[in-house]
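Following: one structure in structure tokens, then a few remarks.
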Amino acid sequence: MLAAMAAAPTGDEQLNEDPTVLALLGRSADLLGQEAAVFLPTGTMCNQISLLVHCRPGDEIVAGFNTHIHGSEGAGAAALAGALIYPVPTATGIFTAADVAAAARPLRQRSPRTRVVAIEQTTNRGGGRVWPLEMLQAVSAEARKRGFAVHMDGARLMNAVIASGVPAADYGRLCDSVWLDFTKGLACPVGAVLAGSKDFIAEAWFWKHRLGGAMRQAGVLAAAALHALDNHVERLAEDHVNARLFGSLATMVPGVAIDPPEVETNIVFLDVTGTGLAAIAINEALKRRGVRLNVEGPHRLRAVTHRDVTRAGIEEAGASLAAVVAELAGQPQPLR
Ligand SMILES: *Cc1c(COP(=O)(O)O)cnc(C)c1O
């Protein structure tokens, strides 16, 4: 990847003259089933720019309550677009056309105006689940029938593609804006690509400039992304195998369960309630052994696999989890 970055021909990205960025954009628009695309530094900026284009202040976005847009972007929808989020109560991150119908506001002066339905593929805090194509088709049809835009946060879209065998464009075509992160499982240092209609991307460019996301010789970053599309997509299957292995090793530890019980992609949630230990205590002890998880609740931890986590590392992490739970058992544990 570093060699590809060093060898990349570059130009001024702000002027749309960087040949490597342009190559990435053409490829990404095709990949995502859209007319056009724009290169951005982060996935968060893809989400925020999409909401800025789709919404006016006072509009409302329908999204799962545990999504990145709702809980992990500093309330950007409110702070930047001036939009509300209607949080759909769904533990899995997946919801139905009936949920969209129930969330849709009647068009009247005193109500927020429903404008966007946002979905995450895969669902991060829903447990790395894949939105089944038929469910996305139904949600998209319901939203479009009502005149709402469909937005896909595709931070881990390629994980969904590898797990399901459904081409990215089949998901992407159901959306009015869709993006892909190169910095998650695709293992690039920087970069994400946002795709949509030509008109949508033209509007997105205004916000890219306003927010300081227009770059110069960004071809060095686009070269990393192209390298990842060539070399890091098929191998996501290994991350899924490793995640399943970690899930099965974890459930062999007394008091540890995984929730959801089925590991679909590269994310595993541990429910450590049965150990009587606080997630934070387990996490601190694991960190001392070089195993890094996220604390997601008093008894909930998240593990994510990626290109730099090997099968041997997974086996070691499983053994560390067993050792840590045994070691901490019986010691008094503060909850926070
Ligand atoms: C990581 C992530 C983002 C944000 O991407 P960044 O590139 O870190 O800004 C958005 N949505 C989901 C589901 C994510 O996991």
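The values are calculated or read from the model by the stated rules, or taken from the named source; none is laboratory data. No experiment lies behind these values; they were computed from the predicted model shown. All Cβ positions, glycine included, derive from the backbone under ideal geometry; neighbour counts span all protein chains shown.
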Exercise. Residue by residue through the stretch 198-212, note down the ones that are exposed (fewer than 15 other Cβ atoms within 10 Å of the Cβ) and in a loop (DSSP other than H, G, I, E, B).
Key: 212
Exercise. Determine if the stretch 174-186 includes at least one residue that is free of Cβ contacts under 8 Å to residues at least 60 places away in the same chain and either touching an Asp or Glu at 6+ places or on another chain (Cβ under 6 Å) or assigned to a helix (DSSP H, G or I) (or both).
Key: no
Self-check item: Selected residue [more than 11 Å from the ligand (Cβ to nearest atom) and at pLDDT 95 or above] from 118, 138, 155
Solution: 138
Quiz item: For the stretch 42-76, what are the residues that are surrounded by 23 or more Cβ atoms within 10 Å (Cβ to Cβ), among the hydroxyl-bearing types (Ser, Thr, Tyr) and more than 14 Å from residue 123 (Cα to Cα)?
Solution: 50
Practice problem: Enumerate the pairs (first residue in the stretch 211-235 and polar (S, T, N, Q); second residue anywhere and modelled with pLDDT under 95) with beta-carbon separation below 7 Å, excluding pairs fewer than 6 apart on the same chain, so at least 6 apart or on different chains. | Solution: none
Practice problem: Could you grab me the full set of residues in the stretch 245-257 that are β-branched (Val, Ile, Thr) and buried (at least 20 other Cβ atoms within 10 Å of the Cβ)? | Solution: 253, 256
Exercise. Give the residue, chosen from 187, 195, 118, that is of a type in the set (A, V, I, L, M) and surrounded by fewer than 24 Cβ atoms within 10 Å (Cβ to Cβ).
Key: 187
Quiz item: Is there a residue in the stretch 264-271 that is at pLDDT 95 or above and over 18 Å from residue 159 (Cβ atoms)?
Solution: yes
Exercise. Could you grab the pairs with beta carbons closer than 6 Å, sequence gap of 6+ or different chains, first residue in the stretch 65-77 and over 18 Å from residue 94 (Cα atoms) and in the same structural domain as residue 93 (by TED's automatic domain parsing), second one within 10 Å of the ligand (Cβ to nearest atom) and of a type outside the set (D, E, K, R)?
Key: 73/44; 76/48
